[in-house]
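Here is the structure we will look at, set down as structure tokens.
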Amino acid sequence: MVGGEKKARFSRMTIPKSEKDFEIIEREVRAQEVGVEMHPQEVSPQASYGGIEGAQVFIINAIAHTLGRIEADVSSIGLTVKELLERIDQIKLALTNIVKALLLRELEDPRARRELLINILRSLEE
């Protein structure tokens, strides 16, 4: 502050909530770096990024960033699917053992009951 003048760094001080808010703030910052006071609506996309090449670089960077986020999301989905498949296998094993235990009550042959019981115990050890 010089001589009581108050210069705002940005035209607004709100938390950006969307990509458009980030773009507006970025344009304002670039305009202030050049030393030109501009309102966000007066800054053309080409001027704010240093011409067409700058805009293309910005777009490529935005695409790369988005692809990185998509890759992370797909990886997360893959891990979640793997966990779900493991849980399904555990449920399948538990249901199989329950059915075998119910069948154990119905068998009258002691040899068949013994074999089924050994089978149930082996599957529980796994």
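The values are calculated or read from the model by the stated rules, or taken from the named source; none is laboratory data. Because the structure is predicted, anything quoted here is derived from the model rather than measured. Cβ atoms come from the backbone with ideal geometry, glycine included; neighbour counts cover every protein chain shown.
In the range 99-126, which residue that is within 38 Å of the chain's Cα centre (by Cα) and part of a helix (DSSP H, G or I) is surrounded by the most Cβ atoms within 10 Å (Cβ to Cβ)?
Filtering the range 99-126 for residues that are within 38 Å of the chain's Cα centre (by Cα) and part of a helix (DSSP H, G or I), the one surrounded by the most Cβ atoms within 10 Å (Cβ to Cβ) comes out as 123.
Taking the conditions exactly as written (closer than 30 Å to residue 23 by Cβ and within 16 Å of the chain's Cα centre (by Cα)), does residue 59 satisfy them or not?
no
List the number of the failed condition for residue 93; all other conditions in (1) surrounded by 12 or more Cβ atoms within 10 Å (Cβ to Cβ); (2) more than 36 Å from the chain's Cα centre (by Cα) hold.
In the conditions (1) surrounded by 12 or more Cβ atoms within 10 Å (Cβ to Cβ); (2) more than 36 Å from the chain's Cα centre (by Cα), residue 93 misses (2) alone.
Being loosely packed, with under 11 Cβ neighbours inside 10 Å and small (Gly, Ala, Ser) is the filter here; which residues of the range 52-70 pass it?
If the condition is that a residue be loosely packed, with under 11 Cβ neighbours inside 10 Å and small (Gly, Ala, Ser), then 64, 68 are the ones that fit.
Return yes or no: is residue 22 in contact with a helix residue (DSSP H, G or I) (Cβ under 6 Å, 6 or more places away or on another chain), surrounded by 11 or more Cβ atoms within 10 Å (Cβ to Cβ) and either of a type in the set (Phe, Trp, Tyr) or at pLDDT 60 or above (or both)?
In short, no.
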